[in-house]
Structures are given as structure tokens and as C-alpha cells.
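As C-alpha cells, the structure follows; a few thoughts come after it.
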Amino acid sequence: MRAYNFSPGPAVLPLEVLEQARAELLDWNGSGMSVMEVSHRGKAFMQIAAEAEADLRELMAVPANYKVLFLQGGATAQFAVVPLNLTRPDSVADYIDTGHWSKKAIAEARRYCTVRVAAEAGDAMRVPAQSELNLTAGAAYAHYTPNETISGVEFHYVPAVGGAPLVADMSSNILSRPIDVTRFALIYAGAQKNIGPSGLTLVIVREDLLGHARPETPSVFDYRAVAHEGSLLNTPPTFAWYIAGLVFKWLKRNGGVAAMGEANGAKARALYAAIDASSFYRNHVARDARSWMNVTFTLARSELDSEFLAQAAQAGLHNLKGHRVLGGMRASLYNAMPLEGVEALVGFMREFERRHA
């Protein structure tokens, strides 16, 4: 029996996708070769790439005036690549600081331009309200992290940032519910949560932002250069791209992002309800900022943490340990986590509380 994997990333993948990849691993499409062995410039792989992009565009209703790029380096590379493509040394960029990954993005961007923090949550587990945003007139762009995986804090609204292009690090909540892509100028996401295996990075960028990269920008990180070559400027992570394409088709077969949104909301509500009904478990995030993707909680007695994790693993519930920065527990409920996994976790939590409260 497969484990229920609550890892924040690399994360659970759909079983159907893994089974198809296993079946095709040695002989893909009757070629007698693995998909990992075929040329990225051959017609066969180029068809994989074209279908993956078309399916993603359909799933997210990406307009024609946006380019979809499949890159390497993870979201962390984009912390630098975004300002390299969108700013000059004298530019100002606004950032909303809501936690660990926001701070990482801010620190990297400060190497390339002036960063002004438009709002910050401080130590509070919350997101700033729209009225709290102190935006800079003429900013090169405004950046935010819609979902913070470590603290389990998520925006449930899209910030209005005036005329500045809005940039979002959607690594942990892309494809988890419908969004209006036109509200954003640039979306980037590491693949290893809701898209596929690690090694691939998705960028959706409005065409008018292309062609402004600084001269020192490496060509493989110049959005216009990559777009011109159809994301095949250099050898891409072909296997990760192939798996992402399978995930996109799985999403389409299962109702698309609208169905994912309904399922993800139900999973999150079930787990938060169990936490709120207990005096043994506690979630510290403001209710209007609770993440659907990463549910964090602590035990009333922290000395029981190790026992909780060990017994959970024995019950087939894995990777529930919270990030080292915050401790406690964290259950990641990405698209591929079934409701049955959440129900199993809730049942285990209730039994553990009965024995230890």
C-alpha cells in the first residue's frame, strides 16, 4: 500500500501519472527508448513540449499575449531572474513580506535594485489587508508570495497594485484553484508541489515585459531569448517536463482547476475543523489567511512531537514534520493528495489525542 505523503515538496504525485510513467519508462511511444533518452530537439519530444504548454494554457486560461516558459533553477533562481529581466539598477520594486519565502525573494532582489517593503506581517501569522499596502508610484513591479509553505499563510485575495506589473511566486498553490491570469504580469512556480518532479520551473509572463533584460543577464535566464527558442534554448529537464505534461492531462481528466479548487477546499476544511474542535492541537494562523495547501499545527505538549511523527509513519502518514524554523507539524494538501489521506490523518490525530490528552 502506498503511503500518504504530506511532504511540502518534492510532493505527492498522482498515482495514475506514476503508473503511466512506469509503463513507458523503458519504451516510450514505441520508440524502444526511454523518454529520458530522446533528443529534446527531436519531433517526438517537441510534441510532448507543445502538448504540455497547450494543456496548461487550457487549464489556466492563459491569454495569447502571455508566454509560457519551462525553465531550470527552481523558484529560488527566479528571485534573481525577475529583477534581472524587469529592472534597471536605479529601479524600485515593491515587495509584500509575509514570511520565509517572501524574505528570501526580497534579499535576492536587493542585489539588483531598490526594494521597498509595501507591507509586512512581522511575526504574525497573517497577510496584510489591501488597505495596509504602501505602494510606490512608478515601481518596476510589485511582488508577493500568495502561499507561504513554511507558516501555512495564504492570500485569499489578489492585491491591487495600481499600474505596477504584479509578480507572484505561485510555487505552492498554482493549479490549486481557478485564477484570473490577466490580474498578473508574471507568475513563476517551482514544479515540485502541484506540477511535477523537481528540476522544472514554470514562468508565465506577459509579452510586453520581454526584451528588457539587463546586458549581464545570462541568456538562459533572459525571458525573451528563452521564449524565442520555445524553452529549448538549452537542454531542458526533459523527464520533469514529460511528467508535468502527464499531470496536466490528469488534471484535465479530473475536472481541471475548478474541480481541484472544490476538492482542496474540502480537504483543508476537514483538517482545520479537526484542529479547531480539539484542545490538544492548535493552528496559529489568522483564520482569513489559513492556507489550503500547507496546514500547520502544534501539539499541546511538544515533548510528544517525536512520538506523534513516529506513530503517524507507522500508520502510513509520512512527512508531517514542520519546518525547522517553526517546528510543530505541517500537512501539505496539494492536488494529488486524496481526501482519503486527510481523513486518515484526522482519524489518527483523534486517536492520538485520546491516548495522550
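Every number in this text was worked out from the coordinates using simple rules, so none of it is lab data. These figures come from a predicted structure and were not determined experimentally. Methodologically, a virtual Cβ is constructed for each residue, glycine included, from the backbone with ideal geometry; neighbour enumeration extends over all protein chains shown.
Here are a few things to note about the model shown:
- A simple rule links phi to the HN-Hα coupling: the Karplus curve 6.51 cos²θ - 1.76 cosθ + 1.60 with θ = phi - 60°, which for the range 99-116 gives x, 3, 6, 4, 5, 4, 5, 5, 4, 6, 5, 5, 6, 10, 7, 7, 9, 10 Hz, with x for Gly and Pro.
- Restricting attention to the chain, close to 55% of DSSP beta bridges with both partner residues there are antiparallel.
- Highest-first packing order for the peptide set 62-74, 292-304, 327-339 is 327-339, 292-304, 62-74, based on the mean count of other beta carbon atoms within 10 Å.
- Leading residue at positive end of dipole, the range 255-356 (Cβ point charges), from Met260, Gln311, Gly322: Gly322
- In sequence order, the range 236-244 has phi-based couplings of x, x, 4, 5, 4, 5, 4, 5, 4 Hz under the Karplus curve 6.51 cos²θ - 1.76 cosθ + 1.60, θ = phi - 60°, and Gly or Pro positions carry x.
- Working note: Karplus 6.51/-1.76/1.60 with θ = phi - 60° gives the range 57-64 the couplings 4, 5, 4, 9, 6, 6, x, 5 Hz, where Gly and Pro are set to x.
- Coil-residue chymotrypsin sites (Phe, Trp or Tyr not before Pro) of the range 123-221, DSSP, other Cβ within 10 Å capped at 12: Tyr157
- 4 °C / 1.567 mPa s Stokes-Einstein diffusion coefficient of the chain, Kirkwood radius on C-alpha pairs, µm²/s: 61 µm²/s
- Other residues with beta-carbon under 15 Å from the beta-carbon of Leu186 carry, at +1 per Lys or Arg and -1 per Asp or Glu, a net charge of -2.
- Entry note, the chain: the mean residue ellipticity at 222 nm calculated from DSSP H runs of n ≥ 4, each adding -39500 (n - 2.57), is -11000 deg cm²/dmol after division by the residues and rounding to the nearest 500.
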